[in-house]
1. So in region 305-326, with the set limited to residues that are under 22 Å from the mean Cα position of the chain (by Cα) and exposed (fewer than 11 other Cβ atoms within 10 Å of the Cβ), which one is nearest to GLY228 (Cα to Cα)?
2. Condition (residue is acidic (Asp, Glu) and crowded, with 23+ Cβ neighbours inside 10 Å) applied to region 49-58: is it met by at least one residue?
3. Identify all residues within region 49-64 that are over 24 Å from the mean Cα position of the chain (by Cα) and at pLDDT below 95; write none if there are none.
4. Having 3 or more residues that are in contact with a Pro (Cβ under 6 Å, 6 or more places away or on another chain) and on the phi < 0 side of the Ramachandran plot is the bar; report the helices (runs of 4 or more DSSP H) wholly within region 262-312 that clear it.
5. If the Cβ limit is 7 Å and pairs must be 6+ apart or interchain, which residue in region 305-325 that is under 13 Å from HIS165 (Cα atoms) pairs with which residue that is surrounded by fewer than 16 Cβ atoms within 10 Å (Cβ to Cβ)?
6. I want to confirm something. Restricting to region 59-77 and keeping residues that are small (Gly, Ala, Ser) and within 26 Å of SER4 (Cα to Cα), which single residue is surrounded by the fewest Cβ atoms within 10 Å (Cβ to Cβ)?
7. So how many residues does region 267-319 have that are of a type in the set (Val, Ile, Thr) and closer than 15 Å to ALA115 by Cα?
8. Specify which of the listed residues (VAL236, VAL226) is under 20 Å from ILE173 (Cα atoms) and touching a strand residue (DSSP E or B) at 6+ places or on another chain (Cβ under 6 Å).
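The values are calculated or read from the model by the stated rules, or taken from the named source; none is laboratory data. Bear in mind that the values here come from a model prediction, so they are computed numbers and not experimental data. When we count neighbours, we look across all protein chains shown, and the Cβ atoms used for this are built from the backbone with ideal geometry, even at glycine.
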Amino acid sequence: MASSISVGVIGATGKTGQSVVEGLLSSTTVFDITSFTRESSVNNKTNQQLEERGVRIVGYDIDGPKAVLVDKLKGIDVPISCITWEHLKQQIPWIEAAKEAGVKRFVPSEWVGPAPKGIIDIKDQKLDILGAIHRARLPYTIIDVGCWFQVFVPQVPSGRSDHGHSIYIDHPIVGDGSQKFALTDMADIGSYVARIISDPRTLNRHVFAYTEILSMNEIWDSMARVSGETPLRDYVTEAEIEEIIDTCGKKLQSSPESAHHPSNIMDTANFNMGQYRISWCIRGDNTPEYADYLGYLHFWKLFPDHPKGRSIEAFYKHIVSAAPQT
């Protein structure tokens, strides 16, 4: 019988972290799972629920001595970072401690799609983190999953889909809506992760795991088929997106508050989504073809027998059927 793989999920109580833990718990591979959580969150409800399912809860202080972090990582084969974009630099102490602890591979926080440096500020920060991993010569695996289904939930006249999308993200179709890009239901990320980190072929490689390749027109058509309604269609040009990025970027630079301060949240959302839209819907970076160019391994070529994640139509069906009753 194969021995278990010891996995430590940093940020296990967040949305991505919960998907990762669920995928590990549901896998046929045996994982010994630890939730690394801030000391102040050790006893929160989500961690209590994880503990009831056999997940070990370990508190940490990112500003504490490195030796303490090293000790917590000893015995962990694979630390997986689900740290949110606002705190990506907090991965540096984990990387340094992971190197000293001798982990077998480190999975940094990626969870979106392939892109070159200089297009998306958040991706640039993630590439800087990869640079820190390379400088440490730490074994790693990069996992990109494309755009989440949850980002694009087209509105329908009845309002049945309104509860399914973020109030911080508007829904214009970019350009003519024909550029295809990769998408994944957030809930399926963990299933793909469990398979990837169990395979030696993915060590020190970039892996692209996704469920659908669709254009914005096809996304809107999917909602139309599921809802029986005609989704609202607004359009935005590349030039208009660039203007939004420039305007919001200048406002954020001049603000005395951080980018994720409540007073800046809309400008931050518009700035970030503007850059993602240029990458996904204009440049076509978030595609298997561009991933090929960058040297990624493709999940479905590695694991052709793996069950497909939920389709976008199934996701939208759940959204419209779960609409609050008025």
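1. LYS308
2. Residues of region 49-58 acidic (Asp, Glu): 51-52.
If we keep only those that are crowded, with 23+ Cβ neighbours inside 10 Å too, we end up with none.
Looking for residues that are acidic (Asp, Glu) and crowded, with 23+ Cβ neighbours inside 10 Å, one finds none in region 49-58, hence no.
3. Here is the first cut: in region 49-64, the ones over 24 Å from the mean Cα position of the chain (by Cα) are 52, 54, 63-64.
If the condition is that a residue be over 24 Å from the mean Cα position of the chain (by Cα) and at pLDDT below 95, then ASP63, GLY64 are the ones that fit.
4. 288-294
5. If the second residue must be surrounded by fewer than 16 Cβ atoms within 10 Å (Cβ to Cβ), the pairs left are ALA323/HIS163.
6. Looking at residues that are small (Gly, Ala, Ser) and within 26 Å of SER4 (Cα to Cα), I get ALA67.
7. We begin by selecting, within region 267-319, every residue of a type in the set (Val, Ile, Thr); these are 268, 278, 282, 287, 312, 319.
From the residues that got through so far, the ones that are closer than 15 Å to ALA115 by Cα too are 278, 282, 287.
Matching residues across region 267-319 total 3.
8. Working: VAL226 fails: touching a strand residue (DSSP E or B) at 6+ places or on another chain (Cβ under 6 Å).
Within the list VAL236, VAL226, the selection yields VAL236.
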